Amino acid sequence: MPTSPASQYATDRNLRARQRLWERQDPAFDVVAWTLELAGISQGVRVLDVGCGNGRYLEAMGSLGAEAVGCDLSLGMLNAGTGRAVAAADATALPFRAGQFDVVLAAHMLYHVADRTAAALEFRRVLVDGGRCVAVANGAGHLASLRAAVQDAAAPFQPGWSWVDRLGEVFSLENGRDQLSVAFHAVRCVRPDMAGRAVVTDPDVIARYVASVGDIYGQELAGSWDRLVEEVRAKATEVIIREGSFVVEGDVGAFVCS
Ligand SMILES: C[S@@+](CC[C@H](N)C(=O)[O-])C[C@H]1O[C@@H](n2cnc3c(N)ncnc32)[C@H](O)[C@@H]1O
């Protein structure tokens, strides 16, 4: 099961669809601000943002006055970014000198990396002595209600199928600690005091989220992923009409490594 088909990040369309889900949360939770505080980002701190995607973290770090550089495997993602300092690079072979950064950030990206030991060792290598790596990931409770809705929608044409989190099987808040410990002495898993919940009032937001992972999960279905997306859209619409919103649980945290 390829968890990183090339199509997934050819542009930032899929990532944007998923970012949109979390725009309105109750309680409010800003994963970027939370992560940057955890990482101790401030004026002049030298940061490498590995797998920077369309640059959400880079933008915020720029506003804080950090000296942030981003790198990503996908040129399509880099082109979609904000034009801040970026390089096309693989997490397992970083084109940077040893000890060049105070902080390495790896947000929602390690589950796409096949050789996570190599990546963790590269993160360690480019950090100064005493530097810190912060790896953001999801936990087992992430998207619980959305997973249930997707499974319900699939049941009539794919009985017994469950939407297993293939990315979480690779790297999650539950299984990431040991993987990072190959490169770091101290690895601490931190969750926010209060987990965010997306409160969605537009069924299109739900439908687009599910569509955005079709190239990862579509081959598990005998039927088409597009059909599933439309079934989910219909179910989300029913919930929104009945309850006023479709609520999706977030379970996001980070490993702080030194
Ligand atoms: C889910 S996105 C996260 C983007 C960004 N960190 C964020 O949280 O908004 C994952 C990113 O990791 C990148 N990526 C995947 N494998 C990579 C690798 N081996 N090295 C560098 N970047 C990689 C993808 O191209 C994509 O931009």
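Where a number appears in this text, it was derived from the coordinates with a stated rule and is not lab data. For clarity, every value in this text was computed on a predicted model and none was experimentally measured. Neighbour counts run over all protein chains shown; Cβ positions are idealised from the backbone, glycine included.
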Per GNM of the chain with C-alpha springs under 10 angstrom, the most fluctuating residue out of P156, P203, P192 is P156
By the rule of another cysteine's Cβ lying under 4.7 Å, the cysteines of the chain that fail to get a partner are C52, C71, C189
Note: probe point = Cα of S145 + 7 Å toward Cβ; backbone nitrogen < 18 Å; residues of region 185-227 passing the test are 194-210
Karplus ³J(HN,Hα) for region 97-108 (6.51 cos²θ - 1.76 cosθ + 1.60, θ = phi - 60°; Hz, whole; x = Gly/Pro) runs 6, 4, x, 7, 10, 7, 9, 10, 10, 9, 9, 6
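Rounded to the nearest 0.05, what FRET efficiency is calculated for T82 and F157 with R0 set to 41 Å and r the Cβ-Cβ distance? Walk me through the numbers before you get to the answer.
Working: r = 42 Å, r/R0 = 1.01.
Once the sixth-power term is evaluated, E becomes 0.50.
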If the label point sits 7 Å along Cα→Cβ of V128, residues of region 77-97 with amide N under 20 Å come out as 95-97
Length gained if D226 through E249 is fully extended, taking 0.36 nm per residue and subtracting the Cα-Cα distance, is 5.9 nm
Under a Gaussian network model of the chain whose springs join Cα atoms within less than 10 Å, the largest fluctuation of S145, S212, S63 belongs to S63
Taking a ≥ b ≥ c as the square roots of the Cα gyration tensor eigenvalues, with a/c under 1.5 meaning rounded and otherwise prolate when a/b beats b/c or oblate if not, region 152-200 comes out oblate
Here the residues of region 20-37 lying in the modelled label zone of M194, meaning backbone nitrogen under 12 Å from a point 7 Å along Cα-to-Cβ, are 25-30
Quick note, region 58-133: a/c under 1.5 would make it rounded; otherwise a/b > b/c is prolate and the rest oblate (a ≥ b ≥ c, C-alpha gyration tensor); here it is oblate
Shape call for region 100-194, from the Cα gyration tensor axes a ≥ b ≥ c (a/c under 1.5 means rounded, otherwise prolate when a/b beats b/c, else oblate), comes out prolate
Taking placed amide H atoms and a strict 5 Å upper bound, the residues 5 or more places from A87 or on another chain that come that close are G70, C71, D72
Between D202 and R16, Cβ-based FRET efficiency (R0 22 Å, step 0.05) works out to 0.90
Under a Gaussian network model of the chain whose springs join Cα atoms within less than 10 Å, the largest fluctuation of V182, V229, V103 belongs to V182
Using alpha carbon positions and the Kirkwood radius, the Rg to Rh ratio of region 6-257 is 0.98
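What's the local net charge at D90, with K and R +1, D and E -1, over the other residues with C-beta under 10 Å away?
Spelling it out: positives minus negatives among the neighbours equals -3.
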At q = 0.16, 0.20, 0.24, 0.29 Å⁻¹, the log10 of I(q)/I(0) for region 16-82 from a Debye sum over equal Cα scatterers comes to -0.58, -0.86, -1.09, -1.26
